[in-house]
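The values are calculated or read from the model by the stated rules, or taken from the named source; none is laboratory data. This structure is a prediction, so every number in the text was calculated from the model and none was measured. We place every Cβ from the backbone using ideal geometry, glycine too, and count neighbours over all the protein chains shown. Just so you know, the surface numbers come from the protein's heavy atoms only, side chains and all, with ligands and any DNA or RNA stripped out. Shrake-Rupley method; radii C 1.70, N 1.55, O 1.52, S 1.80 Å.
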Amino acid sequence: MFRHRLLQRTNQIKFKKRRLIMKQNFLFQASNISKYYGQNVGCKNVSLDINPGEVLGIVGESGSGKSTLLNCIYGNLEVDEGDIFLNDKSKTILNFTKISEPKLRLIQRSDLAFVHQNPRDGLRMNISAGGNIGERLMAIGHRNYGEIRQIAANWLEKVEIDVSRIDDKPSTFSGGMQQRLQIARNLVTRPRLIFMDEPTGGLDVSVQAKILDLLRNLVRELGIAAVIVTHDLAVVRLLADRIIVMQNGNVIEAGLCDQVLDDPQHKYSQLLVSSVLQV
Amino acid sequence: MIQIKNLNKSFQLYNQNDTNINVFKNINFRVNKGEVVALTGNSGTGKSTLLKLIYGSYVISKGDVLISDINIRKSSPRDILKLRKNKLGYVSQFLRVVPRVPTIDVVIEPLLEIGCEKKIALKKAQEILERLNIPKNLWNLSPLTFSGGEQQRVNIARGFIHNYPYLLLDEPTASLDQNNKNVVLDLIEKAKLNGSAIIGIFHDETARNKVATREVNLENL
């Protein structure tokens, strides 16, 4: 009986805590995330939070845990410690580590989106460009073929792909077009938070600029929040409001984007910033 | 009002033999509404550094920067971003923009950020670009292809398109010809009359004498 009451009280406290978070109008919050690969640390004790419309950059060298962290907070990788909260479309706070697998998958396709570095990982290469976009719409309940095709055409236009290519398979597209198609496929469901893993990584510089401009406009026009993992400091400078710097799975510095890049306080961040080649 | 209280700045460079560079110590002054304070002193006395500390780009080592009632040292990144968006403008010597974005879009951006309607923003941008003598046929090109003086004027257009109550100007007239210099000085004069508190670095003495209400020499502080 006593234990039961105690349990009730702790639940009440938890509930109060959640209500407190809700008031702050946050969109996404990850607290004390740790992920281990056997003996090795993927990421350790990482906390971050994102408000609607904000862009957060995650920088660091290869192997610093950037992608691990991104996959953890998106729900692709199971975390060993920590909690991930999303304030969803209906203003309900969901804890990724507590909800069921199907529910998580649904959230990943409606409230969230994930843009892979390699568009082949994020596209279905054997269905048409229009189909790639339409599939996402059907997954959230759209059924009218004409309407789906129309929305797909609009999005191709938005990402500057010739609408006449709507029935072509992405395998016939260039790398830059594939990446833009992947972005369209992810944004068509109007996610509120988009995760990007080196979105401009394998692209030549002229296409990079186009995608940066596209992302910036979409973020502003649709009010989408984004988390961008990149090792390209020029890209974060142009896109991110705030950044976190990672080394060996730990966050070693976090703050205002230009402040961390122009006046880094940690030894490793200073090394990272001073290692960039000047063009 | 911008208030600088006992401001200290030093850089600790870990990867360069742990060098510690003291830029300045105990800077104190305040800038009221409608004032233009010109920072003076030789190169390396920390004029640009001071502007970056006020803007939040550099970390304050000791002391405080107050912008009306907001303490920059104690503000979160979100608070600083909000302040920059609405109240605090900064014209730097360098233009940093996404490649291939047309000049006109670069200039209207600060207005779109505060939720201004695109039509109105475009009209304002056209006015200010015309005033700054940027030829109309360049408006739809990226400013990264422009000459130094033209790039600087694009930066100025961005800084003056919104009436910021607080403005930081890092050599706004440095690479401009006399005619354009006068246009920029007029813009500063107008912002001053509008009640903005302005801190600027002007290497050109005549320009400085024309707009500055007061000078603060960083060497004598």
(request) Give the residues of region B:87-121 that are modelled with pLDDT of 95 or more and more than 20 Å from residue B:139 (Cβ to Cβ), sorted by residue number. (result) B:87, B:88, B:89, B:90
(message) Here is a check on your reading of the model: is residue A:47 out of contact with any helix residue (DSSP H, G or I) (no Cβ under 8 Å at 6 or more places or on another chain), within 24 Å of residue A:90 (Cβ to Cβ) and either open to solvent by less than 20 Å² (accessible area, probe 1.4 Å) or in a strand (DSSP E or B) (or both)?
(response) no
(message) For residue B:106, only one of the following conditions fails: (1) free of Cβ contacts under 8 Å to residues at least 40 places away in the same chain; (2) over 16 Å from residue B:52 (Cα atoms); (3) more than 10 Å from chain A (Cβ to nearest Cβ). What is its number?
(response) (1)
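Can you find a residue in region A:65-81 that is open to solvent by 70 Å² or more (accessible area, probe 1.4 Å) and more than 30 Å from residue A:231 (Cβ to Cβ)?
First, pick out the residues of region A:65-81 that are open to solvent by 70 Å² or more (accessible area, probe 1.4 Å): A:76, A:78, A:80-81.
Narrowing the set further to residues that are more than 30 Å from residue A:231 (Cβ to Cβ) leaves none.
No: region A:65-81 contains no residue that is open to solvent by 70 Å² or more (accessible area, probe 1.4 Å) and more than 30 Å from residue A:231 (Cβ to Cβ).
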(request) Filter region A:237-264 for residues that are more than 10 Å from chain B (Cβ to nearest Cβ) and either assigned to a helix (DSSP H, G or I) or not β-branched (Val, Ile, Thr) (or both) and give the result. (result) A:240, A:246, A:247, A:248, A:249, A:250, A:253
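Counting just the residues of region A:227-236 that are in a helix (DSSP H, G or I) and open to solvent by 10 Å² or more (accessible area, probe 1.4 Å), which one comes out farthest from the other protein chains (Cβ to nearest Cβ)?
Filtering region A:227-236 for residues in a helix (DSSP H, G or I) gives A:233-236.
Now drop any that are not open to solvent by 10 Å² or more (accessible area, probe 1.4 Å), which leaves A:233-234.
Working: A:233: 12, A:234: 9 Å.
Checked region A:227-236; the qualifying residue farthest from the other protein chains (Cβ to nearest Cβ) is A:233.
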(request) Test residue A:58 against the stated conditions and say whether it is in contact with a Lys or Arg (Cβ under 6 Å, 6 or more places away or on another chain), aliphatic (A, V, I, L, M) and either open to solvent by 20 Å² or more (accessible area, probe 1.4 Å) or more than 22 Å from residue A:272 (Cα to Cα) (or both). (result) no
(message) Please pick out the residue among B:25, B:52, B:33, B:5 that is assigned by TED's automatic domain parsing to the domain that holds residue B:81 and buried (at least 21 other Cβ atoms within 10 Å of the Cβ).
(response) B:52
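Search region B:21-30 for residues being among the aliphatic types (A, V, I, L, M) and in contact with a Ser or Thr (Cβ under 9 Å, 6 or more places away or on another chain), and hand back the single one that is farthest from residue B:167 (Cα to Cα). Don't jump to the end; show me each part of the working.
Residues of region B:21-30 among the aliphatic types (A, V, I, L, M): B:21, B:23, B:27.
With the extra rule that they be in contact with a Ser or Thr (Cβ under 9 Å, 6 or more places away or on another chain), the set shrinks to B:21, B:23.
Details: B:21: 27, B:23: 22 Å.
Going through the qualifying residues, I end up with B:21.
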(request) Return yes when residue B:111 is under 23 Å from residue A:233 (Cα atoms), within 14 Å of chain A (Cβ to nearest Cβ) and hydrophobic (A, V, I, L, M, F, W, C) and no when it is not. (result) no
(request) For residue A:67, work out the one condition from (1) over 16 Å from the mean Cα position of the chain (by Cα); (2) assigned to a helix (DSSP H, G or I) it doesn't fulfil. (result) (1)
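Consider residue B:218 carefully, then state whether it is touching a Pro at 6+ places or on another chain (Cβ under 7 Å), at pLDDT below 95 and aliphatic (A, V, I, L, M).
Numbers: touching a Pro at 6+ places or on another chain (Cβ under 7 Å): no; at pLDDT below 95: yes; aliphatic (A, V, I, L, M): yes.
Spelling it out, it is not the case that residue B:218 is touching a Pro at 6+ places or on another chain (Cβ under 7 Å), at pLDDT below 95 and aliphatic (A, V, I, L, M).
If you scan region A:85-101, which residues turn out to be surrounded by fewer than 19 Cβ atoms within 10 Å (Cβ to Cβ), in contact with a Phe, Trp or Tyr (Cβ under 8 Å, 6 or more places away or on another chain) and polar (S, T, N, Q)? Talk me through it step by step, then tell me what you get.
Restricting attention to region A:85-101, the residues satisfying the condition of being surrounded by fewer than 19 Cβ atoms within 10 Å (Cβ to Cβ) are A:88-95, A:97-101.
Still in the running and in contact with a Phe, Trp or Tyr (Cβ under 8 Å, 6 or more places away or on another chain): A:93-95.
A:95, the sole residue that qualifies.
Could you grab me the full set of residues in region B:170-221 that are in a helix (DSSP H, G or I), of a type outside the set (A, V, I, L, M) and open to solvent by less than 70 Å² (accessible area, probe 1.4 Å)?
Initially, region B:170-221 is screened for residues in a helix (DSSP H, G or I), giving B:178-193, B:205-211.
Within this subset, residues satisfying the condition of being of a type outside the set (A, V, I, L, M) are B:178-182, B:186, B:189-190, B:192, B:205-206, B:208-210.
Correct list: B:180, B:181, B:182, B:189, B:192, B:208.
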(request) Identify all residues within region A:237-250 that are open to solvent by less than 20 Å² (accessible area, probe 1.4 Å), touching a helix residue (DSSP H, G or I) at 6+ places or on another chain (Cβ under 7 Å) and under 16 Å from residue A:62 (Cα atoms); write none if there are none. (result) A:245, A:246
(request) Identify the single condition in (1) aliphatic (A, V, I, L, M); (2) surrounded by 20 or more Cβ atoms within 10 Å (Cβ to Cβ); (3) under 23 Å from residue A:235 (Cα atoms) that residue B:39 does not satisfy, given that it satisfies every other one. (result) (3)
